[in-house]
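Participant: This is the structure I want to talk about, given as C-alpha cells.
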Amino acid sequence: MTANERTSMHGASTPGTFGAVTHHGRLARIGAIATLGALAAGCANDAPQDTWQPAGDNAQKIHDLQWPVFLIAGVVGVAVFSVLFYALWRYRDTGQPIPKQTHGKPALEIGLTILPALILIGVAIPTVGTLMALADTDDTDCVINVTGQQWWWEIDYPVQDGCGGISQPIVTSGQMVIEVGTNVIVRGTSRDVIHSWWIPKLNGKRDMVPGRVHTNRLQADEPGIYAGQCTEFCGLSHANMRMEVIAMEHDDFEAWKANQIEAYAAPEPESLAAEGEATFISQCARCHQVDGLETADGELQIARPDLNVYSGAAPNLTNLMTRNTFAGASYDLLNETCRPLVWEAPSDRVGERYNEGVTADCLNEVELREWLRNAPAKKPMYTDPTKLEETNSLPRGMPYLALSEDQIDQLIAYLLERK
C-alpha cells in the first residue's frame, strides 16, 4: 500500500470520527442545559408544591434527608459521567487495531463493588430512620379521615376529643382545615381505585387503597394554604384531582368548626335562593348532601349517591361557600380579584380571610356556571356518555344535567347562602 493510499484511507475515516465527537458534544451541551433548566424550575420560590420548602416537622425530616442524598447522588453522577466521557474521548475509534483483551484488574473490580455498597449503606441507614419517624403517629392529637374517589377527596372529621373537640361529624371536600402546630393523623382509603395523597410542603406521599386504611401525619408550622396533588394515576381526570390543607391559628380554627356545625338556615321565602333550594332538591339532592335540608313535606332530604354514581359518593355541599375551590379543587370559587386576598394573605390573616367565605362579589361565577351547565365538558369523567344508557351503568363523576339558565341562576343564589 502506498503512502497516498494510507493517507486517503485515514482521511476517509476522519470526518466520521469528527462527526461522532461533534454529535456527542452537542448531546452533552443539550443535557447540561436541560439539567440547569430543571434545577432552575425546581428552585422557583413561588412553586406551590415545592418539596424543597418544608413547612412542617414531617416535611422537614424529608428535607433533611434528601439534601445529603441529593449531593451524594450528584457527586457519584459527576464522577461516573466524567469517566464515561473520558473513555469515549480517549479510546474513540481512529482506525487503531483492536486492543489486546485481558481479564481485568481484580483489585479495581473489588474496589468498585465495595465502594457503591458502602455508599448505599450510608444512604440506607438515615433513610430507614426517617421512614420510621414519619410512620410514627403516637404523638398525634387530631384524627381526620380522607377518602379518595374519582376525582375528588372527601374530608371527614369524626366526633372526638382531639382537634380541640368535635361534638358532631364535619364532612367537607377538597380542602382540609387544621390548627397550626397540631399533629394530625390522616386515615386514608379509597372508594374505587388507588389514589395517592400528597401535600409536598407538609409530608410525603401516601397511597389510598380500597379496602385498607393508611395513615399519614401532617403538621404545619405557620398559617397558610398548602397545595397538593393526587400522585397515583386514577383515570381520566387524575391531573384534575387536587387538594389543599389550610392551617390556621387556634381561634380561627375554633370559629371554622363552629360555623361547620351551625344549624341549616333556609332561604327567605319567594326569593331566588328559595327557588334554588327547590331546584337543588329536584336536580342535585339525590347525590349531594346538604345537612338539615328538608323537603316540601318537612322530611329531611337524604342524598343517595350510592344509587346514582359509580363511586357511591358525592361532595357534601352543606357549607360549600366556606371553601374556595370546587370540583376536586380543580377550579376556584374565588374570582381573580379576591383570590390573592386569601391565598397571598399574611400568615396572621390567613384564617380570618379564609373564614370569610365566598361572597357574591368574590364568586367566580363564570366557571361555576360552566360547571353547572356541563360538568363533563369542564372535567373529563367518562369516555363515552352515550354508552351509559346502553349499559344502564352509573356515571363516574358528575353527569350532564341539562339545566336551564334560569335553574343555574337559582342554584347559584342558593349555593351562595351555603356558608
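The values are calculated or read from the model by the stated rules, or taken from the named source; none is laboratory data. Quantities reported herein were computed from a predicted structural model and do not represent experimental measurements. Backbone-built Cβ (ideal geometry, glycine too); neighbour counts: all protein chains shown.
Participant: From T127, T140, grab the single residue that is in contact with a strand residue (DSSP E or B) (Cβ under 8 Å, 6 or more places away or on another chain) and of a type in the set (S, T, Y).
Facilitator: Only one candidate passes the filter, namely T140.
Participant: Scan the range 156-176 and tell me whether some residue there is small (G, A, S), out of contact with any strand residue (DSSP E or B) (no Cβ under 8 Å at 6 or more places or on another chain) and under 24 Å from V342 (Cα atoms).
Facilitator: Within the range 156-176, the first condition is being small (G, A, S), and the residues that meet it are 162, 164-165, 167, 173-174.
Filter once more, keeping what is out of contact with any strand residue (DSSP E or B) (no Cβ under 8 Å at 6 or more places or on another chain): 165, 167.
Filter once more, so that each one left must be under 24 Å from V342 (Cα atoms): none.
So far as the range 156-176 goes, no, none of its residues is small (G, A, S), out of contact with any strand residue (DSSP E or B) (no Cβ under 8 Å at 6 or more places or on another chain) and under 24 Å from V342 (Cα atoms).
To keep it simple, each residue is scored yes or no on (1) free of Cβ contacts under 8 Å to residues at least 12 places away in the same chain; (2) of a type in the set (F, W, Y); (3) within 30 Å of K419 (Cα to Cα); (4) not assigned by TED's automatic domain parsing to the domain that holds D332.
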position	(1), (2), (3), (4)
L131	yes, no, no, yes
G148	no, no, yes, no
S167	no, no, yes, no
V180	no, no, yes, no
W197	no, yes, yes, no
N216	no, no, yes, no
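Participant: Pull up the range 355-368, narrow it to residues that are surrounded by 13 or more Cβ atoms within 10 Å (Cβ to Cβ) and out of contact with any helix residue (DSSP H, G or I) (no Cβ under 6 Å at 6 or more places or on another chain), then point me to the one that is farthest from L403 (Cα to Cα).
Facilitator: Here is the first cut: in the range 355-368, the ones surrounded by 13 or more Cβ atoms within 10 Å (Cβ to Cβ) are 355-358, 362-365, 367-368.
Within this subset, residues satisfying the condition of being out of contact with any helix residue (DSSP H, G or I) (no Cβ under 6 Å at 6 or more places or on another chain) are 356, 362-365, 367-368.
Details: E356: 29, C362: 24, L363: 20, N364: 19, E365: 16, E367: 15, L368: 13 Å.
By that ranking, first place goes to E356.
Participant: Just one of (1) touching an Asp or Glu at 6+ places or on another chain (Cβ under 8 Å); (2) under 25 Å from Q168 (Cβ atoms); (3) of a type in the set (G, A, S); (4) not in a loop (DSSP other than H, G, I, E, B) trips up G312, so point out which.
Facilitator: (4)
Participant: Got at least one residue in the range 135-154 being aliphatic (A, V, I, L, M), modelled with pLDDT under 90 and either surrounded by 14 or more Cβ atoms within 10 Å (Cβ to Cβ) or over 22 Å from M248 (Cβ atoms) (or both)? Please lay out each step first, then the result.
Facilitator: The first filter runs over the range 135-154 and keeps only residues aliphatic (A, V, I, L, M), leaving 135, 143-144, 146.
Now narrow it down to the ones that are modelled with pLDDT under 90: 135.
In the following step, the residues that additionally are either surrounded by 14 or more Cβ atoms within 10 Å (Cβ to Cβ) or over 22 Å from M248 (Cβ atoms) (or both) were identified as 135.
Yes, because at least one residue in the range 135-154 is aliphatic (A, V, I, L, M), modelled with pLDDT under 90 and either surrounded by 14 or more Cβ atoms within 10 Å (Cβ to Cβ) or over 22 Å from M248 (Cβ atoms) (or both).
Participant: Hey, can you tell me all the residues within the range 293-302 that are more than 31 Å from the chain's Cα centre (by Cα) and farther than 14 Å from L320 by Cβ?
Facilitator: Those that are more than 31 Å from the chain's Cα centre (by Cα) and farther than 14 Å from L320 by Cβ: E294, T295, A296, D297, G298, E299, L300, Q301.
Participant: Does A227 satisfy the criteria of being hydrophobic (A, V, I, L, M, F, W, C), in the same structural domain as T182 (by TED's automatic domain parsing), part of a loop (DSSP other than H, G, I, E, B) and modelled with pLDDT under 95?
Facilitator: When the stated conditions are applied, A227 does not pass them.
Participant: Could you run through the range 251-273 and say how many residues are assigned to a helix (DSSP H, G or I) and either acidic (D, E) or in contact (Cβ under 8 Å) with a residue 24 or more places away in the chain (or both)?
Facilitator: Summing the residues that are assigned to a helix (DSSP H, G or I) and either acidic (D, E) or in contact (Cβ under 8 Å) with a residue 24 or more places away in the chain (or both) in the range 251-273 gives 11.
Participant: So which residues in the range 230-248 are of a type in the set (V, I, T) and not in a strand (DSSP E or B), if there are any at all? Working first, answer last.
Facilitator: Taking the range 230-248 as the starting set, the residues that turn out to be of a type in the set (V, I, T) are 231, 245-246.
Once the filter is applied, which keeps residues that are of a type in the set (V, I, T) and not in a strand (DSSP E or B), the range 230-248 yields only T231.
Participant: Select the helices (runs of 4 or more DSSP H) contained entirely in the range 321-400, then report the ones holding at least 1 residues which are at pLDDT below 90 and more than 20 Å from V290 (Cα to Cα). Working first, answer last.
Facilitator: On the way: elements: 339-343, 350-355, 365-373, 375-378, 387-391.
It comes to 375-378, 387-391.
Participant: Turning to a different aspect of this structure: Every residue in the range 245-279 that is of a type in the set (S, T, N, Q) and surrounded by fewer than 18 Cβ atoms within 10 Å (Cβ to Cβ), please.
Facilitator: Initial filter on the range 245-279 (of a type in the set (S, T, N, Q)): 259-260, 271, 279.
Matches in the range 245-279: N259, S271.
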